[in-house]
There are 2 protein chains.
Amino acid sequence: MSTLVDQLATVVQRPKRADAARNFDALVEAARAVFAADGAGASLEEIARRAGVGIGTLYRNFPTRDDLIEAVYVGEVEALVVAAAATEKLPAEKALGAWLRRFVEYIGTKHALIEGLNRESTVFAQCRAVMYGSGEPVLARAQAAGAVRDDVNISDVVRLVSGVAAVAVDDDAQRQRLIGLALDGLRPVG
Amino acid sequence: MSTLVDQLATVVQRPKRADAARNFDALVEAARAVFAADGAGASLEEIARRAGVGIGTLYRNFPTRDDLIEAVYVGEVEALVVAAAATEKLPAEKALGAWLRRFVEYIGTKHALIEGLNRESTVFAQCRAVMYGSGEPVLARAQAAGAVRDDVNISDVVRLVSGVAAVAVDDDAQRQRLIGLALDGLRPVG
DNA sequence: AGATTAGCGGAGGGCGCCTCCGCTTCGCAA
DNA sequence: TTGCGAAGCGGAGGCGCCCTCCGCTAATCT
């Protein structure tokens, strides 16, 4: 379906031989669980154990820790792309807010994983491009409807909201208040 | 001078014996340098080597990595308190913006250190209290002047701006744009 | 000066990182 | 089906870091 998402699988690729492909999947699944439990600094040997493979196999498929983190992260980005597509039904002035709220909710729970992400990597750059590509039409629609000022671009919007998503909050009410403030900053001036 | 800052030194305390006090200072100074170079995950043995003391001495003074990170962090907070005090000369509607811009600039460079900070620690809580205490009058002044909406508190403001400070940006122009958006969100509605 | 005791520091056990290479098993072709 | 070459496996082992423990050193007190 989405050609955006298809770009993501290019760097670390799933091996073709049946046993190797099984191991690859087991590793990504184990990594998802262990990173969620212990954060991005989790033991790779623990991940290999959990996946039922040797540590050598982990390193053959994912030469660096970053490669493994990224493999998990790609899945998260795909979910955001789907969420952006889902806002098409909403009116233009509501769609951007809805997507961004979803964004914050999603990123907020994956905070530990994202902190461990190498922001210079190719995969990360691709993920960013894909995310921008999916959010851009939502922003453009809001701007065309006059709900959002014209002098911001999708990169500004995503980063402003990323900041709000990452910061620690007392409770959900404060998080909502912060998102509200950020969105108010996006409204046309005057 | 500021009673706010004085609260900060209470948890990890500097030993009284002359040699021990020297070692303590050398450790904090070495930690500042090594954390800045290698991030919060830097080797503690490297810090001890750099300070010219045994690893045992490091652990006696700073039983956990967090204790050492916090000792460095306290210095950063003190600088922000000074910056808040320095805005007193500015007009009410400029002072908050000035302080927050300073805040972002400062926190932006110490990003790696702050990521490693344990947000549940007593010292961190004290630092937060001190920072809020020094920023609160600046905010109140801006609100009294009608430059900032009344339904936000200092915690909202600091966290909104913390988010902007922590996020990665393309260049300084984008950072300025993001701060501008966040500050626009703080203006009175209507 | 001698006694007291706070403080020193590094050896050592444990763990995680990562490489290397002999062994296994897959998948193809006959 | 069988045989073979290559792709893939996995764990031993070397290294660095974490942290504790305790015999030794030297600062301070009298």
| Calculated Rg and Dmax of the stretch A:12-67 using C-alpha coordinates, Å | 10.4, 31
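Compute the Kirkwood hydrodynamic radius of the protein assembly as shown, taking the inverse of the mean of 1/r over all pairs of distinct Cα atoms, and give it in Å to one decimal. Each step should come with its number before you reach the end.
On the way: mean 1/r = 0.0435 Å⁻¹.
Its Kirkwood hydrodynamic radius stands at 23.0 Å.
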| task | Give the angle, between 0 and 90 degrees and rounded to the nearest 10, that separates the Cα long axis of helix A:154-166 from the longest principal axis of the Cα atoms of chain A. | result | 70
| said: I want to check the label-to-label distance for B:Glu105 and A:Ala129. Put each point 7 Å from Cα in the C-beta direction and report it in nm to one decimal. | reply: 3.5
| field | Carbon + sulfur, % of accessible area of the stretch B:30-131 - ligands and nucleic acids excluded, 1.4 Å | value | 52
| How large is the helix-only mean residue ellipticity at 222 nm for chain A, computed as the sum of -39500 (n - 2.57) over DSSP H runs with n ≥ 4, divided by its residue count, in deg cm²/dmol to the nearest 500? | -23000 deg cm²/dmol
| field | Inter-site label distance for B:Arg17 and B:Asp171 at 7 Å from Cα along Cβ, in nm | value | 5.7
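Under the Kirkwood approximation applied to all pairs of distinct alpha-carbon atoms, what is the hydrodynamic radius of chain B in Å? Please report the intermediate quantities before stating the final value.
Numbers: mean 1/r = 0.0557 Å⁻¹.
By the Kirkwood definition, the hydrodynamic radius is 18.0 Å.
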| request: Choose one answer from A:Val34, A:Val167, A:Val138: the residue with the largest mean-square fluctuation in a GNM of chain A with alpha-carbon springs under 10 Å. | output: A:Val167
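On alpha carbon coordinates alone, what is the Rg over Rh value for the stretch B:106-166, Rh being the Kirkwood radius? Provide the component values of the computation, followed by the final result.
Details: Rg = 13.1 Å, Rh = 12.8 Å.
With Rh from the inverse mean 1/r over Cα pairs, Rg/Rh is 1.02.
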| field | Tilt relative to chain B, helix B:122-144 - C-alpha long axis, 0 to 90 degrees, to 10 | value | 20
| query | What angle, in degrees between 0 and 90 and rounded to the nearest 10, separates the Cα long axis of helix B:92-109 from the longest principal axis of the Cα atoms of chain B? | reply | 40
| query | Looking at the P(r) of the stretch A:140-190, how many percent of alpha-carbon pairs lie beyond 15 Å? | reply | 48
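Tell me, what is a quarter of the convex hull surface for the C-alpha atoms of the stretch B:22-112, in nm² with one decimal?
Values: hull surface 25.2 nm².
The Cα convex hull of the stretch B:22-112, projected and averaged over all directions, gives 6.3 nm².
Whole number please: convex hull volume per residue, Cα atoms of the stretch A:86-190, in Å³.
Numbers: hull volume 11.2 nm³, N = 105.
Enclosed volume per residue, from the Cα hull, is 106 Å³.
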| Which of the chymotrypsin sites (Phe, Trp or Tyr not before Pro) found in the stretch A:84-159 are loop residues per DSSP with 11 or fewer other Cβ atoms within 10 Å of their Cβ? | none
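The values are calculated or read from the model by the stated rules, or taken from the named source; none is laboratory data. The structure displayed is predicted, hence computed values, not measured ones. Note: ideal-geometry Cβ built from the backbone for every residue, glycine included; neighbour counts use all protein chains shown. Just so you know, the surface numbers come from the protein's heavy atoms only, side chains and all, with ligands and any DNA or RNA stripped out. Shrake-Rupley method; radii C 1.70, N 1.55, O 1.52, S 1.80 Å.
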